Structures are given as C-alpha cells and as structure tokens.
1. With runs of 4+ DSSP H residues as the only contributors, calculate the mean residue ellipticity of chain A at 222 nm using -39,500 (n - 2.57) per run, divided by the residue total and rounded to the nearest 500.
2. Pick out which of B:223, B:44, B:141 has the largest mean-square fluctuation in a Gaussian network model of chain B, springs linking Cα atoms closer than 10 Å.
3. Where the centroid of each part is defined by its Cα atoms, how far is the stretch B:132-182 from the stretch B:49-100 in Å?
4. With the calculation restricted to Cα positions, what are the radius of gyration and Dmax of the protein assembly as shown in angstrom?
5. Quick check: convex hull over the Cα atoms of chain A, volume per residue in Å³, rounded to an integer?
6. Would you mind telling me the share, in percent, of accessible area of the stretch A:36-91 contributed by carbon and sulfur at probe 1.4 angstrom?
7. Just want to confirm a number: the relative contact order over the stretch B:95-236, from Cα pairs under 8 angstrom separated by 6+ residues, in percent.
8. Rounded to the nearest 20 Debye, what is the dipole magnitude of the stretch A:95-236 about its Cα centre when Lys and Arg each give +1 and Asp and Glu each give -1 at the C-beta?
Number of protein chains: 2
Amino acid sequence: MSTIGTVDADGGEGVSLHQRILSDISERILSGAWAPGHRIPFEHELTAQYKCSRMTVNKALSQLAKAGLIERRRRSGSFVRRPQSQAAVLEIHDIRIEVEALGLPYRYERVARQKRRSSAEDRALLELGPAGPVLALECRHFAGIRPFAHEQRLINLTAVAEAADEAFLGTAPGPWLIGRVPWSAAEHRIRAVAAEKHIAAALDIEAGAPCLVVERRTWSAEHPVTHVRFTYAAESHTLVARFTPSRT
Amino acid sequence: MSTIGTVDADGGEGVSLHQRILSDISERILSGAWAPGHRIPFEHELTAQYKCSRMTVNKALSQLAKAGLIERRRRSGSFVRRPQSQAAVLEIHDIRIEVEALGLPYRYERVARQKRRSSAEDRALLELGPAGPVLALECRHFAGIRPFAHEQRLINLTAVAEAADEAFLGTAPGPWLIGRVPWSAAEHRIRAVAAEKHIAAALDIEAGAPCLVVERRTWSAEHPVTHVRFTYAAESHTLVARFTPSRT
DNA sequence: CCGACGATTATGTATATACATATAGAAAGG
DNA sequence: CCTTTCTATATGTATATACATAATCGTCGG
C-alpha cells in the first residue's frame, strides 16, 4: 500500500514480493499442506494478506498456473492441481563438456565424411520430403584413451548449405551447428541396443554388448536440419534428468 | 491506447495482445530472422509498434527471457540468446497408458512384496539417512501376453505410512502413489544394461540381452518417497522426448 | 420439480503512472 | 592516457484503475 520497488515494508529481506508469494504458495503445495483440490485464497484475500495490489498477486498466481501447480477457474477460485504425469527436463550437453566434467581429456576424431544425394533411408531419418544433398558424417568422441561415444550424423545441406564446405576434422558437427543454426524443435529417441560389429569395433567393445542409443532430430522453422545417432557403451554412460516443478 | 480487453483494434482476431507479441517475436527468433546477439526493439519501440502500454510489452519480454529465448540487459536492451544446450521435456507416462496407446490389452502382476527394515543398499537407493521401514515390491507389466516392463520398487514407509497396508495386487504402485503423495522433485537415470538372469526370466528374453533401464527417485518436500527401476527389453521400448522452445 | 434468466463474483487483460536500479557512455580530473 | 564521477537510459517492480468474460448461484415462472 505504501512502499514501491524491491524494498519491503516488514519481514522481507531484499526479495521481491512476487518471488515471496510464489515461494510461499508453492512451498505449501509441495509440502502437502495444501492438498490437491484445495482452494487457495482468492486474489483479494492474498492482496490483503500481503498488503499489495491485485496485479502483483495476479501475476504470481498466473505464473503458478502456467507452471502447472494450480488451476484457475473463473468465479470459483484457484485450486491445487493433482500431481501431473511426471515430466523431466532432460539436458543433453555437448559431449566435450560431459567428458571434461568427468575430469578426462577430450578428443574428437572424424572417421568418415560423405556428401551425397539423400537415399530413401536418409530421407526417412530426416523426415525429408524430396531428395536433396545431404552430408553424412561418422565420428568418435574419446574420454582419455577410451572411446566414449560413436556419432552418426546426417546434415540436410538444403537447410545448412555452408556445412558442405566444412571438413569437420577439428570441430565436431554438434558444436558447429549449435550457434550457427537456430533450432525450433528437437526430438529425442532413447533406447538400448546390442552393438553391431561396426560400432562395437569403433567403441572397442564386444559385438552384442548393450549400448545406449540417443537419436536426435532437429528442425529449424519447419525445415529438418540434422539427425544424429549417438551410441554409448553401456558402462560408460547414464543419462540423468532432474526435475523440480517450481520452475522459478 | 484506446481499446481494452481481448478485442483488438485492427488486425487481431480474438488473440490477446500478449500472445501476439510473444508469437511475433519468438517466430522471428526461431526462423533465424533475428540471429543470436541481435538486439530486439526496445520496450518503448514495441510500445509504439503495437500501440499498447509498456507493461504489456514488458510482461511479454519478461516471459521470453524466462523461457530462455532472449536475454535482458539494463540500459542496453534485450538480445537474442545463443541456442542453449538442448533440453527436452521427457514425459514418462503411466505404463498402462503407454501400453494402451499401442492398442494392446494391459495387465499388471505383482510378483513379490516384502516389508522390511531398510538395508544399506535400500538406503543408498532412496538416499535415506537413518534406517527405517521400507516396502520392497517386484511387479510385471504386460502388453497383451508379452511382458513389457519389469518393475522393482522401494517405498519409504516413513514418508508414506499408508502404503504398508496396501497389497498392490490390483493396483500398480505408480498410479497408487501419484495422486496420493505430492512430489516436489524427481531424478531419472537412464541407461542400457545386459539383462541378468532373474530379470531376463521375468521379461522372457535371453540373459545378456540389452535392456533399457529407467530409474526414478522421487522426493516430497525433502523426504525421499520412492525409488523405482523399470527394465524394458530393448526391442519393446523407446523413450521419446519432443521439445519446442516456445513454451507458451 | 425443473428450466430460463439475471445478478454476483473471481479471474483475465490492459492502461497510465511512479519510483528503483543497474550500467553504458560522456565528462571531469589526475 | 587512465581513472573516477556523473548522467541518461532501459529495464524491474509495484500501484491504482477499468472493463471484459465466464461461471456459479439464487430467483422466478411454468
């Protein structure tokens, strides 16, 4: 009612009111104090409680609704939602960063490179309509002296023409593409396979050994850009995804 | 400057200004028209362009910043961020729903159930401090007549006392827990393994065959609630995660 | 008893205004 | 030429107000 800005009248210590309302409410929900279905206070009640304007409360509640913690119903109020089907933010880093996080020296090696007209298989992988030029790459990523990951990549040269002139001897295609091509969508497919001979040799493991395969397809503004298949030897890699619903 | 509400003066057709600004700008960024590093118009310029108040523009830009598309710098303006390390929203559904989506009849079977004092291994899996009662479950999920997934679960009875009285013969522990326990965090670990004898038998595959293992640990307000390990035969399962950065 | 209808109410969206705050860049000083 | 100080500027947060919209609830008539 009186103060403006981030300095708060009473209990607050430098945190914005917005933040305080957000954390207060999400804490009550996550701790279970406000069970699913529970009606949280009306905007005008929170307005009185926090001694602030309705807009401030409204912004905070709208954000909680967008984060999926509450559901807002006109005329009825805002209600705690039932826990959602679990979703996790899966971050897939640059392999170099991943390897270096392990404290091991990283090395990249380009095994093969071929510019060709897209085959039917290429088009299926890229979800490409008409045939066009693509660049097929095969690479290895090392952690120390051990092979860490095997990479098979297709780049749609219609979408990224400049890739045709790049040898990819020193730079891995991943980091090269990131930062050069804005991407609008990506799809991951994660599965376990038995290593086929070719890949087993590249990873220095036995044929038939279990491997984790991560495939990623990337689009930029409706155009398919690239398809990658990373193969990791089972013991070398675990994907970790952590999720906290309060996406402040 | 003149109209209020969702009805728009000129071009808009029922969409809120907020939404229109959001989609206009993110489209320009994702299409590459505004490259990384590019300074997007100042708030006061957008205010003039959309003939609206600064607050409306500010809310939209703040949202884009929170979504990671732009970076805002005081005194300097707002800039298109470089494409981030790719992150995907990985949704892990109820297995029943997954199976039924395949058009196959779902069946659940509880193989074993044991209430015990947590062993050292249990405590490591749950990240539990002091020893306490836990419930260990082993289950199978079927798609048609074929085993689809094998489930090994630990439930921390200190956190969820009521689970002690549940036999889990008809209901799988996943759906039972969801909706009963609010959860605040989850961690997934995904990896490939060779099937050990016990699990190979349960899944009706050969020992040593590659399997996809998804482990999930769940907390509720700092208390570990449950640890699950799902094992899928390689050919039966692929995790798919799709991501579009415009998280409207 | 039931269905139509209008009043009430909580949220949704937008405006205009005010002051805070970080900082890039210009001006002043050594 | 380098450093310090000042100022202008763009964003950050909050207020008070206004009107739109959807849905619930009570009322009234058949």
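The values are calculated or read from the model by the stated rules, or taken from the named source; none is laboratory data. The structure displayed is predicted, hence computed values, not measured ones. Don't worry about glycine lacking a Cβ; one is built from the backbone with ideal geometry, like all the others, and counts go over all protein chains shown. Each accessible area value is taken on the protein alone, full model and side chains, heavy atoms only, with ligands, DNA and RNA left out. Shrake-Rupley method; radii C 1.70, N 1.55, O 1.52, S 1.80 Å.
1. Values: 7 runs with 61 residues, N = 248.
Calculated from helices alone, the mean residue ellipticity at 222 nm is -7000 deg cm²/dmol.
2. Comparing B:223, B:44, B:141 in a Gaussian network model of chain B, the most mobile one is B:44.
3. The two parts, judged by their Cα centres, are 36 Å apart.
4. Both quantities, over Cα of the protein assembly as shown: 25.6, 73 Å.
5. 197 Å³
6. Numbers: 1550 of 3130 Å².
Here it works out to 49 percent.
7. Normalised by residue count, the contact order of the stretch B:95-236 is 23 percent.
8. Numbers: 18 positive and 18 negative charges, 37 e Å.
In debye, rounded to 20, the stretch A:95-236 gives about 180.
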